[in-house]
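Here's the structure, in structure tokens; my notes come after.
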Amino acid sequence: MIRDLILKNRSYRRFDATVKISEQQIEGWIELARFSASGRNMQPLKYCICTNSAINEKIFPFIGWAGYLTEWKGPDENERPVAYVVILLDKSVAGNYYCDDGIAIQSILLGAVEDGFGGCIIGTVNKGKVARILELPDHLEILWLIALGKPSEEIVLDDISENDHKYWRDENNVHHVPKRMLNEIIFKTV
């Protein structure tokens, strides 16, 4: 079951914009992050949920979508995410979040996938502009955005060939993601 969820949890960049996600659904996924491990149990992460289409339109120009797909400027209007979760560091709680961000994001995305949705972790963000749009106080620092929606694209995992790790799209617009073989990533067994 966990294997199936992980295999379905891809970086979806195109969504069916007609299928909405409720605030309550997203709160349920964030609760999975709340129950997850946290370095020193400090729990310094906070979350800003945005399901408001007018605010989402303002956020969209300030995020980057797929660095290896240089000709692609991001999803068309009818393929855009219907929600964002902004991952925030509450600097009044702690200055270091260790690996909490990755654990929390994976928990949120696995919850989304289990419910038939998907997302994309976005690190290319104009954090200053997005913070102003969301009217965030100074003690909350944007770490990541998760774009969420009902996936409307096919993603295929391929074995890496010739050490080429770059994702790509084929002539049918299928998104291919190369992955290293297991024997390449296990250094040794002792």
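The values are calculated or read from the model by the stated rules, or taken from the named source; none is laboratory data. Just so it is clear, the structure is predicted and the values come from calculations on it, not from any experiment. Neighbour counts run over all protein chains shown; Cβ positions are idealised from the backbone, glycine included. Just the protein is used for accessible areas: all its heavy atoms, side chains included, with ligands, DNA and RNA removed. Shrake-Rupley method; radii C 1.70, N 1.55, O 1.52, S 1.80 Å.
Whole-Hz ³J(HN,Hα) for each residue in the stretch 110-116, computed from phi via Karplus 6.51 cos²θ - 1.76 cosθ + 1.60 with θ = phi - 60°, x for glycine and proline: what do you get?
So the J values, rounded to whole Hz, are 5, x, 4, 5, 4, 8, x.
Cα atoms only, the stretch 68-173: Rg and Dmax in Å?
Calculated on Cα positions, Rg and Dmax stand at 16.3, 49 Å.
Could you name the lysines in cross-link range of Lys73, using Cα to Cα under 28 Å and dropping any fewer than eight places away on the same chain?
Lys8, Lys20, Lys58, Lys127, Lys129, Lys150, Lys166, Lys179
Taking θ = phi - 60°, what integer Hz values does the Karplus form 6.51 cos²θ - 1.76 cosθ + 1.60 yield along the stretch 144-154, in sequence order, with x for Gly and Pro?
With coefficients 6.51, -1.76 and 1.60, one gets 8, 10, 10, 8, 10, x, 8, x, 10, 9, 9 Hz.
Given an 8 Å cut-off on Cα distances and at least 6 residues of separation, report the relative contact order of the stretch 35-190 as a percent.
That works out to 26 percent.
Kindly write out, for the stretch 166-171 in residue order, the coupling ³J(HN,Hα) from the Karplus curve 6.51 cos²θ - 1.76 cosθ + 1.60 (θ = phi - 60°), rounded to whole Hz, with x marking Gly and Pro.
After applying 6.51 cos²θ - 1.76 cosθ + 1.60, I find 6, 6, 7, 10, 8, 5 Hz.
Calculate what fraction, in whole %, of the accessible area of the stretch 34-98 sits on carbon and sulfur atoms when a 1.4 Å probe is rolled over the protein chains.
Roughly 48 percent, rounded to a whole number.
Could you state how much accessible area Ile142 has, in square angstrom rounded to the nearest 10, with a 1.4 Å probe and all protein chains kept in place?
10
Would you calculate, for the chain, the mean residue ellipticity at 222 nm contributed by helices, counting each DSSP H stretch of 4 or more residues as -39,500 (n - 2.57) and dividing by all residues, to the nearest 500?
-8000 deg cm²/dmol
Just how large is the dipole of the stretch 24-121 about the Cα centre, in debye to the nearest 20, putting +1 at every Lys and Arg Cβ and -1 at every Asp and Glu Cβ?
So the magnitude is around 400 debye.
Cα-based Rg of the stretch 1-148 per 2.2 N^0.38 Å, rounded to two decimals?
That works out to 1.01 for the stretch 1-148.
Using +1 at the Cβ of each Lys and Arg and -1 at the Cβ of each Asp and Glu in the chain, identify which of Val125, His175, Ala94 lies farthest towards the dipole's positive end.
Ala94
When all C-alpha to C-alpha distances in the stretch 58-123 are sorted into bins of 10 Å, what percent of pairs does each bin hold, rounded to whole numbers?
16, 41, 35, 9, 0
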